[in-house]
Amino acid sequence: MTYAAFRSIGAYVPSKILTNNELSTMVDTTDEWITKRTGIKERHIAGKDEHTSDLGVEAAKKAIQRSGIDASEIDMLMCATITPDYFCMPSTATTISNKLGLGNVTAFDISAACTGFVYLLSIAKAFIESGAKKNILIIGAEKLSALMDYTDRGTCILFGDGAGAAIIGATDKKEEAIIDVHTGANGEYADLLMTPNGGTGSAHDAIDKEAANCFIQMKGNETFKVAVRTLTKDVIEILEENNIQSSSIKHFIPHQANLRIIKAVGDALKLKKEQVVLSVAKYGNTSSASIPMAMNDVFEQGNLKKGELMLLDAFGGGLTWGSALVPFSPLK
Ligand code: ACO
């Protein structure tokens, strides 16, 4: 039997930082309000000429270098993003593949908003377990500042830019295997979180560039309630189905959207403070990049060791959600 193992992690953030205090000079808000309601203190913002693919490339280089495999052994690359370099094509995955010089490898993007990284894990697991691929590079990369309306205090305080990447490789050792990945979606809630303009479903024709603003719009309070309800149910189910106690989780790495959502889910699982990974204060919500960026922080602090069990969970536009039970299984 072939299993899928989580081999390595890497991440990248652009150097420019936008603090809450700076935002309070742009919209009617305060550092105190943002900190209390979200836990966010600052976020990173990419430069004008720094594209989503550039963020993804830097994260991928670290993941490849730490994986113990050569780049030539990668046979598939997937990128989860809601901020692709180009509206339709080429995909950000093919652009990253080209910039990394990977040659002729399968490459494509997926769109699952903040749940993107968990969706990528489930696809990579299936491709590897079927025997179709051996070493898959997965990337969550976002330049969300490009979708921000910096006059809308309800959204512009939340989001930041960044990328995270991982190598998922084939193994015959069951103890190294990704245990389970849950993915779900419900389009009934699509209007809670969307970029209503710019596509073929919008009120504006996709080619009417003047009329089409493509900013993120969110019904934050309703999204918050659905997020807590859905995530709590999903993480409890994945633990029960796999007969794993929450006390066995070394690192709970949730999507970093809002400190209060993370605390609510952590409390429902009766997790101790030291089990919960938090990076929302310094990055804000980076959508598909947020879980691998948070995981990379734990790794770079020297706190992610071989065999340790991670519980991932995410929630995002669509609506989409997912969770995963993943032991860290580096080759070296
Ligand atoms: N500064 C000051 N006041 C503000 C701000 C701000 N930045 N934003 C909103 N307010 C005001 C509102 O106008 C409202 O005022 P009112 O009472 O006079 O009408 C008041 O604060 C309360 O607003 P709520 O929207 O109810 O505030 P809430 O506590 O819900 O916090 C937030 C808003 C932070 C957006 C929260 O709802 C949230 O985090 N939601 C979930 C986000 C999420 O998880 N999204 C999914 C992933 S993202 C993705 O997929 C791309």
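Where a number appears in this text, it was derived from the coordinates with a stated rule and is not lab data. Just so we're clear, the structure is a prediction, and the values are computed from it rather than from any experiment. We place every Cβ from the backbone using ideal geometry, glycine too, and count neighbours over all the protein chains shown.
In which sequence would Ser67, Ser111 go, from the one with the fewest C-beta neighbours within 10 Å to the one with the most?
Details: Ser67 25, Ser111 14.
Placing the least packed residue first, the sequence is Ser111, Ser67.
Residues within the reach of a label modelled at Ser111 (point 7 angstrom out along Cα to beta-carbon, backbone nitrogen below 17 Å), restricted to the stretch 62-92, are 79-92. Taking a straight line from the alpha carbon of Lys272, these lysines sit under 26 Å away, with near neighbours fewer than eight places off in the same chain left out: Lys36, Lys41, Lys225, Lys233, Lys250, Lys263, Lys282, Lys305, Lys306.
Here the contact order of the chain, divided by its residue count and restricted to Cα pairs under 8 Å and six or more residues apart, works out to 27 percent.
Would you list the membrane-span-like helices of the chain, meaning whole DSSP H runs whose alpha-carbon atoms span at least 18 Å along their axis and whose mean Kyte-Doolittle value is at least 0.0? If you can, show how the numbers build up before the last one.
Values: long enough: 52-67 (22 Å, -0.48); 116-129 (20 Å, 1.44); 220-241 (31 Å, -0.09).
Going by DSSP H runs, the hits are 116-129.
The stretch 25-68 and the stretch 232-298 have Cα centres separated by 19 Å. Footprinting exposure proxy ranking of Leu331, Leu193, fewest other C-beta atoms within 10 angstrom first, gives Leu331, Leu193. Residues Arg66, Arg229, Arg7, Arg37 in ascending order of nearby Cβ atoms (within 10 Å, fewest first): Arg229, Arg37, Arg66, Arg7.
Dipole magnitude for the chain: about 940 debye, using +1 per Lys or Arg Cβ and -1 per Asp or Glu Cβ, origin at the Cα centre. Just name one of Gly317, Tyr119, Leu269: the one whose Cα is farthest towards the positive end of the charge dipole of the chain (beta-carbon charges, Lys/Arg +1, Asp/Glu -1). Of the listed residues, the answer is Leu269.
Could you tell me which of the pairs Lys219/Lys270; Lys16/Lys143; Lys61/Lys133; Lys16/Lys273 are separated by over 22 angstrom between their Cα atoms in the structure shown?
Details: Lys219/Lys270 29 Å; Lys16/Lys143 13 Å; Lys61/Lys133 20 Å; Lys16/Lys273 30 Å.
As for pairs spanning more than 22 Å Cα to Cα, those are Lys219/Lys270; Lys16/Lys273.
Can you give the FRET efficiency for Lys273 and Glu175, using 1/(1 + (r/R0)^6), R0 = 30 Å, r = Cβ-Cβ distance, to the nearest 0.05?
Once the sixth-power term is evaluated, E becomes 0.60.
Return, ordered by residue number, the residues of the stretch 113-138 whose backbone nitrogen is under 16 Å from a label point located 7 Å along Cα→Cβ of Ala146. Zone members listed by number: 113.
Counted over the chain with a bin width of 20 Å, the fraction of Cα pairs per bin, in whole percents, is 34, 59, 7.
Between Ser248 and Ala264, the simple label model (points 7 Å from Cα in the Cβ direction) yields a spacing of 2.8 nm. If a spin label sat at a point 7 angstrom from the Cα of Leu331 along the line to its beta carbon, the backbone N atoms of the stretch 125-157 nearer than 11 Å would be those of 135-136. Here the stretch 183-332 is treated with +1 on each Lys and Arg Cβ and -1 on each Asp and Glu Cβ, and its dipole about the Cα centre works out to around 700 debye. Considering only Ile64, Ala46, Pro14, the residue lying farthest towards the positive end of the dipole of the stretch 1-73 is Ile64, judged by Cα position with unit charges set on Cβ. Fully extending the segment from Glu50 to Lys306 would add 88.8 nm, taking 0.36 nm per residue of separation and subtracting the current Cα-Cα distance. Dividing the convex hull volume of the alpha carbon atoms of the stretch 1-135 by its residue count gives 141 Å³ per residue.
Under a model in which nothing but the beta-carbon of Lys, Arg (+1) and Asp, Glu (-1) is charged, the stretch 110-231 shows a dipole of about 340 debye around its Cα centre.
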